[in-house]
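All of the numbers you see were taken from the coordinates with simple rules; none came from a lab. If you're wondering where the values come from, they're calculated on a predicted model, not measured in any experiment. Here the Cβ positions follow ideal geometry from the backbone for every residue, glycine too, while neighbour counts run over all protein chains shown.
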Amino acid sequence: MHDLVAITALGGSEPRVDTAGTVTCSEVPGVALASVAARLGQEKKAAKALAKLTGAPAPGIGRFEGTPVMAFWTGPDQWMTEAPFESHEDLAEQAKAALGDTASVSEQTDAWARFDLSGADVLAVLELLCPLDTRKMAEGEAARASIHHLGCFVLCRTPELFSIYGPRSSAGSLHHAIVAAMKSAL
């Protein structure tokens, strides 16, 4: 019998937390993810089904909506869904059931790593980290950006709390870039 032990994207048994000045970077492993892409000719039906899944309208360009299942816009008629892993481990299956033949759904949970940046000076860190004008981002906005040569998603949850999704295979590099920006900005 195998004795497998779950590890975080950074290889730890517990999520990593780093603080510099007033900003904290927290590794957030407890998230289920699934991508949704509307099929040709089914865009409106897919958006309606996604709205039913999230309990909110399908997010438009640069937005995220819903709770506890949330979706953020990733491209025309494409979204990433997010939910607590504890209650939605099978999020991709739930999304497939909800969207049926209107969209293609794929499991993304282990493909992405999430880091939350919080604190009063989070915008100073983000200015060094990515080319987005995060000072103009409002709660509920999401954008794609290159961070440390990695394609990432940046979500503004509140003016002092941002989430960054980056490829899990490069979690160490992304974390290093975030911590370096924190130390440099603060």
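Most exposed first by the Cβ proxy, i.e. fewest other Cβ within 10 Å, how do M137, M70 rank?
If I rank by nearby Cβ atoms, fewest first, I get M137, M70.
Label T74 and D101 with points 7 Å out from Cα along Cα→Cβ: what is the distance between them in nm?
For the pair T74/D101, the computed spacing is 2.4 nm.
Pairs of lysine in the chain with Cα under 26 Å and at least 8 positions apart or on different chains: total?
Close lysine pairs found across the chain: 6.
Spin-label point model (7 Å from Cα, Cβ direction): what's the H2 to L128 distance in nm?
A separation of 4.1 nm, rounded to one decimal place.
By counting other Cβ atoms within 10 Å of each Cβ, how are L123, L50 ranked from fewest to most?
Arranged by neighbour count, lowest to highest, L123, L50 become L123, L50.
How would K96, K136, K52 line up from fewest to most surrounding beta-carbon atoms within 10 angstrom?
K136, K52, K96
Simple spin-label model, 7 Å along Cα-to-Cβ: E43 to H149 in nm?
3.6 nm
Calculate the length of the line joining the C-alpha centroid of region 32-59 to that of region 135-186, in whole Å.
Region 32-59 and region 135-186 have Cα centres separated by 25 Å.
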